[in-house]
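Asker: Pasting a structure below so you can have a look.
The values are calculated or read from the model by the stated rules, or taken from the named source; none is laboratory data. Since this is a predicted model, take the numbers as computed values, not measurements. With ideal geometry, Cβ positions are generated from the backbone for all residues, glycine too; neighbour counts draw on all protein chains shown. SASA here: full protein model, heavy atoms, side chains in, ligands and nucleic acids out. Shrake-Rupley method; radii C 1.70, N 1.55, O 1.52, S 1.80 Å.
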Amino acid sequence: MARTPSVKDVAASAGVSLGTVSNVMNRPEVVSPATRERVERAMAELGFVRNESARQLRAGTSRTLAYVMLDGSNPFFHDVAQGIELAAEDADLSLFICNSNGRADREAVHLDRLVQQRVQGVLITPVDPEAAHLAEIGRRGIPIVIVDRVGAGAFCSVAVDDVLGGRIAVEHLAEQGHTRVAVVGGPESIGQVRERLQGAREIWAELGLDPEGLTHLPTAALTVAEGRSAGERLAGIPARRRPTAAFCANDLLALGLLQQSIGAGLRIPQDLAIVGFDDIDFAAAAAVPLTSVRQPRQELGRAAAQLVLDEASNPRHEHQQLSFVPELVARASTVARHRAY
């Protein structure tokens, strides 16, 4: 098996000292262009690859950020990751992406290994923003930013105002004339679900609508399959009490509900109006384009990455809790005015 080329081999091939090779790798600006080109050519010819692990040990950190997402099957988190990647690229860093899949134990394993990798900072959409292992990361000196949740004051956080988002969605349905609305989503252990439901209830009460007209239809997860199941449960409600509109806690639920409703022969929005949350790309491309509460997904990711980078490099860094304002994007799944039947 061929021996891996070393720094000594590069220095000998380029006719320079070991210190010059080290400068080319770590402080290229102090090396003349001609010498730098000669060293880089020697590296290429020999197939030299620097020992990044050794560099990390010396520097105490790596050239990477990490994002631990909550649900790898949800396009929302991939859009957030894209925003983080753009900020990482601007800082000449790479990005590790991990998926907890909503499991606290898996989340803890990822965080422990990221500490071992000496990442410059961790961005995370946590299972529980109050979890003890998050604080432990901070105590180890690694900056951490909570994404899409409001974190404790010990961390920076970046999120959308989910209570306002729930209000916007249900107020839109009420403006369309709906007096029986289902809020579809769960479990309530997820902070975003809980706050969107809170906003829906608040605006319903403020509008003076019959409390019995707002129904919560809990789900076991925020998935397309659970949306289809919710549609079947809605169909089982007696017609005189059946909601004529639904606000779903995310777009995947809304798309599943839309699929099931169309398959059952319902007209959207005449028989059932549907509002989602997130405004993922699939929302506008649905069979009936989906009205949704838009989150600025890439902006969330970019802002979170900028916060973690600032904390990693700025001795005067102060923790911030950034809140973005959601907006309703009205499409065909709600725009026709409701008629009572």
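Asker: Can you tell which of Ser189, Ser157 is modelled with pLDDT under 95 and hydroxyl-bearing (Ser, Thr, Tyr)?
Answerer: Ser189
Asker: Testing Arg316 on (1) in the same structural domain as Met69 (by the TED database); (2) farther than 18 Å from Ile84 by Cβ; (3) in contact with a helix residue (DSSP H, G or I) (Cβ under 9 Å, 6 or more places away or on another chain), one condition comes back false. Which one is that?
Answerer: Looking at each condition in turn, Arg316 falls short on (3).
Asker: Take segment 107-121 and flag every residue that is crowded, with 24+ Cβ neighbours inside 10 Å and of a type outside the set (A, V, I, L, M, F, W, C).
Answerer: Glu107, Gly121
Asker: Moving on to the next point. Within the set of pairs 6+ apart or on separate chains, which have a first residue in segment 118-136 that is assigned by the TED database to the domain that holds His78, a second that is acidic (Asp, Glu) and assigned to a loop (DSSP other than H, G, I, E, B), and C-beta atoms under 7 Å apart?
Answerer: Thr125/Asp148
Asker: Could you tell me whether Phe282 is open to solvent by 30 Å² or more (accessible area, probe 1.4 Å) and of a type in the set (Phe, Trp, Tyr)?
Answerer: Judged against the criteria, Phe282 is a match.
Asker: Just to be sure I understand, how many residues within segment 180-190 are open to solvent by 50 Å² or more (accessible area, probe 1.4 Å) and in contact (Cβ under 8 Å) with a residue 40 or more places away in the chain?
Answerer: 1
Asker: Could you tell me which of the residues Ala230, Ala246, Ala200, Ala169 is among the small types (Gly, Ala, Ser), assigned to a strand (DSSP E or B), in contact (Cβ under 8 Å) with a residue 40 or more places away in the chain and outside the structural domain of Phe76 (by the TED database)?
Answerer: Ala246 is the lone residue from the list that is among the small types (Gly, Ala, Ser), assigned to a strand (DSSP E or B), in contact (Cβ under 8 Å) with a residue 40 or more places away in the chain and outside the structural domain of Phe76 (by the TED database).
Asker: Determine which member of the set Thr20, Thr35, Thr61 is at pLDDT below 90 and either among the polar types (S, T, N, Q) or part of a helix (DSSP H, G or I) (or both). Lay out the reasoning, then the answer.
Answerer: Values: Thr20 fails: at pLDDT below 90; Thr35 fails: at pLDDT below 90.
Only one candidate qualifies: Thr61.
Asker: Now for a different question. Filter segment 8-17 for residues that are in a helix (DSSP H, G or I) and open to solvent by 50 Å² or more (accessible area, probe 1.4 Å) and give the result.
Answerer: Of everything in segment 8-17, those that are in a helix (DSSP H, G or I) and open to solvent by 50 Å² or more (accessible area, probe 1.4 Å) turn out to be Lys8, Ala12, Ser13.
Asker: Oh, and also: (1) open to solvent by 10 Å² or more (accessible area, probe 1.4 Å); (2) among the β-branched types (Val, Ile, Thr); (3) outside the structural domain of Ala249 (by the TED database); (4) out of contact with any Phe, Trp or Tyr (no Cβ under 8 Å at 6 or more places or on another chain): which one isn't true of Ile97, the others all being true?
Answerer: Failed condition: (4).
Asker: Which residue, of Gly177, Gly141, is at positive phi and not assigned by the TED database to the domain that holds Arg240?
Answerer: Numbers: Gly177 fails: not assigned by the TED database to the domain that holds Arg240.
After ruling out the rest, the residue left standing is Gly141.
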